Amino acid sequence: MVNSVSGSWLTFPRLTRPPRRGYFPVLYLLLKVTSAVGMGFVLKQADARSLDRLPLIRTNYAVAAVIGFFASVALGQTHISNQAALLAAATGVLFVAGLLIWARAIQVAGLALSVVAMRTAVVIPVFAAVLIWHENPSLLEIAGSFVALLALALVLYDVAKRETPVGDEVTAKACPARSSGGEATRTAPQEEIPRQARNDRAARGAERDAKTAKSEGSSALITHRSSLGSSSSLLWLVLLFLADGLVMVPALVFRKELPLSETMPFQTIIFVVAFLVTTILYYLRQPRLNPDTLKWGALLGTANFGNYLFLVMALTALPGLVVYPVIAAGEVGLLAVAGVVLWKEKVGIRSWLGIALAVLALVLIQLGKAASTSI
């Protein structure tokens with residue numbers, strides 16, 4: 001639908017009610033953190049229940065798009081420009097890729113570590129702002145970016161280290177020293193052992209060697225699978241870092257180049273396009289769909305929409321200097337603790353240090369942004 005006056009091709013129903021402002025800023029902040037934690041919780045539960053990710057995420061975007069439409073009407077944000085709509089459509093494709101990658105990263109690396117890879121991706125829009133808009137980042141933003149990369153490196157290193165010893169330990173246990181029993185028997189003086197005893201001993205030695213070779217082969221296979229698991233975890237964490245960083249760039253473009261009055265329609269189109277993309281993938285793959293998938297997908301969609309909505313509402317009532325550090329500490333800390341406490345994920349000392357550094361990095365970057373904005 002083209003509107004020749006406003007230059008927009010998509011128009012939402014208009015209402016005279018003005019946008020509502022936040023009356024409970026702290027509540028909005030808590031709801032934002034709760035929504036983000038809820039998304040991680042739903043994805044982890046879906047993995048535990050062996051639900052197919054694609055129909056789950058498709059249902060999520062359908063629910064989020066419906067909520068977004070009615071929220072746009074309620075807030076009086078009823079039309080969107082061509083530029084914002086095209087940007088939202090591209091962002092919707094990135095949203096699908098990012099959420100599918102996060103779901104897979106949770107499956108192979110765990111919730112606690114995946115959230116570090118996801119949140120440290122904030123350095124990508126920082127670099128984009130420097131390259132595209134030639135911004136001069138503050139010292140705090142530069143320091144925060146380096147700390148974020150250090151946090152990610154610690155987590156990736158810990159994932160690589162903690163997987164490697166598993167196969168080695170199994171190999172050591174499965175392959176006893178050959179020289180302990182059979183070798184001593186074979187080196188005994190031949191003239192002291194009768195011929196029949198020598199034949200029996202040789203047969204037992206051959207059988208023992210065959211079992212040892214089989215054990216070595218099995219342990220080598222276990223070691224190979226362990227190394228593949230480690231490589232898979234590293235790959236998906238790196239992909240999650242890149243995907244989540246790319247998702248943040250269109251939001252940065254929207255904030256800098258487009259009117260904030262189009263915020264809610266912008267978000268709604270993102271969810272609509274994401275739903276269309278996942279629908280195409282759904283009919284190409286034709287995965288199984290069950291009531292559990294619909295239920296958890298609806299919960300994921302509600303949390304997904306609230307994750308963005310409550311951020312916007314919190315920012316209308318509180319300064320970013322307060323909002324972003326609280327969100328950083330709350331989301332990373334709570335999701336990491338939930339992964340360890342609820343799902344018994346194993347997190348090493350280096351990963352805990354990476355989690356703490358990720359929180360520090362996010363706080364430093366947001367403090368740097370606030371400081372540069374106030375100048």
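Since every read-out is calculated from the coordinates, none of them should be taken as a lab result. Everything quoted here is computed from the prediction, not taken from an experiment. Cβ sites come from the backbone with ideal geometry, for glycine too, and all protein chains shown count toward neighbours.
So here's what we get for this one:
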{"item": "Förster-model FRET efficiency, 22 Å R0, Leu281 and Ala90, C-beta, rounded to 0.05", "result": "0.80"}
{"item": "Global form of segment 36-128, assessed from the alpha-carbon gyration tensor, a/c cut-off 1.5", "result": "oblate"}
{"item": "Over 30 Å between alpha carbons, listed pairs Lys161/Lys295; Lys346/Lys369; Lys32/Lys295; Lys32/Lys256", "result": "Lys161/Lys295; Lys346/Lys369"}
{"item": "Where trypsin sites (Lys or Arg not before Pro) fall in DSSP loop in segment 234-290, at most 12 other Cβ within 10 Å", "result": "Arg288"}
{"item": "Pair Asn82, His134: separation of 7 Å Cα→Cβ label points (nm)", "result": "2.8 nm"}
